[in-house]
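Derivation of every value follows stated rules applied to the coordinates shown; laboratory data play no part. As the structure is a computational prediction, the values presented were derived from the model and not from experiment. Ideal geometry is used to build each Cβ from the backbone, glycine not excepted, and the neighbour counts take in all protein chains shown.
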Amino acid sequence: MDYGKVIKEIYAEISDVKKEGKVADYIPELSVVDPDKFGITLITSEGRIHSAGDSDERFSIQSISKVFTLSMAFSLLGDKIWDRTGVEPSGSPFNSIVQLEYEKGKPRNPFINAGALVVCDILFSKRADPKNEILGFVRKLAGCGSINYNMKVAESERSAGYRNAALINMMRSYGNIKNPVEKVLDLYYTVCSIELTCTELAKAFLHYTNIRKDFDICGYTLTRSQIRRINALMLCCGLYDESGEFAFEVGLPGKSGVGGGIAAVNPDHYSVAVWSPLINEKGNSVAGMKFLERLTTITDDSIF
């Protein structure tokens, strides 16, 4: 398959279409991102890199970071992690508090905000300096030592984070948060602010395409079974309450963020990262969704 040719064709096709969606203006710092940015990188399992557009410009990956923090916590706790968070699709917005109260403080899955806060709480309990541990882990995954947090974005999220504060206090009331609320929230906002390019993100996700051998990064080890389960969670829960639509239209495990990024994997074949800041009402990149649907349609290749 000539992925380079396919990517350039789809990029041109989508670039010519009228832009839809809007930037995540409820996070002040993200509201000023250029809405016309559009980048793609696909990396094959053999290491061939194919890119188009703004693929080497860093952006805030936001909730895509939840795959990395889950990987670390899963490595540390094993299956005990599922005592703290479930593995079911939420069917509700990623910041729903109604569902959390109904289910007595146990989040549906680790990719909605409540679940990611629990994962941050676990890392806060297990590591003396979780911010540096997480950053080192992501840098190693992506093969780049200059990756960093954007503290302006983190502070911007904190200033508007009333719903997250409600979620974590609800969970604390049920005993599912063990550490000081403000410290866990600070870790969560910081991690969401991490910035990668499409190429760096695709490199990081390439590790999740190899489901035939164990994964060991910075001392965090995931078995083949655990990698498959993370992929399963991405397929079922990775695009908020639009995960079913993504599985139906695209057919790949993936994770999105409200910064406009989507990273996805086709096990044993490739990883791909797309960035376009204009998102739909569910929080997913409009152009990113279209690109990935066209990719699996034209190549006639998904996990199904």
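Listing for the model above:
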{"quantity": "Taking the stretch 1-62 and dividing mean pair separation by its residue count, relative contact order in percent (alpha carbons under 8 Å, at least six apart)", "calculated": "31"}
{"quantity": "Cα centroid separation, the stretch 193-239 to the stretch 128-190 (Å)", "calculated": "19"}
{"quantity": "Qualifying lysines (Cα of each under 28 Å from Cα of K22; at least 8 residues distant if same chain)", "calculated": "K8, K37, K66, K152, K203, K255, K282, K290"}
{"quantity": "Residues R48, R172, sorted so that the one with the fewest Cβ neighbours within 10 Å comes first", "calculated": "R48, R172"}
{"quantity": "The chain: projected area of the alpha-carbon convex hull, averaged over directions, in nm²", "calculated": "13.6"}
{"quantity": "Cβ-placed point charges (K, R +1; D, E -1), dipole of the chain about Cα centre in debye, nearest 20", "calculated": "940"}
{"quantity": "Rel. contact order, % - alpha carbon contacts under 8 angstrom, at least six apart, the chain", "calculated": "28"}
{"quantity": "Where labels lie 7 Å past Cα in the beta-carbon direction, separation of N169 and N280 in nm", "calculated": "3.4"}
{"quantity": "For the chain, with +1 on Lys and Arg beta carbons and -1 on Asp and Glu, the positive-most of P253, A52, I177 along the dipole", "calculated": "I177"}
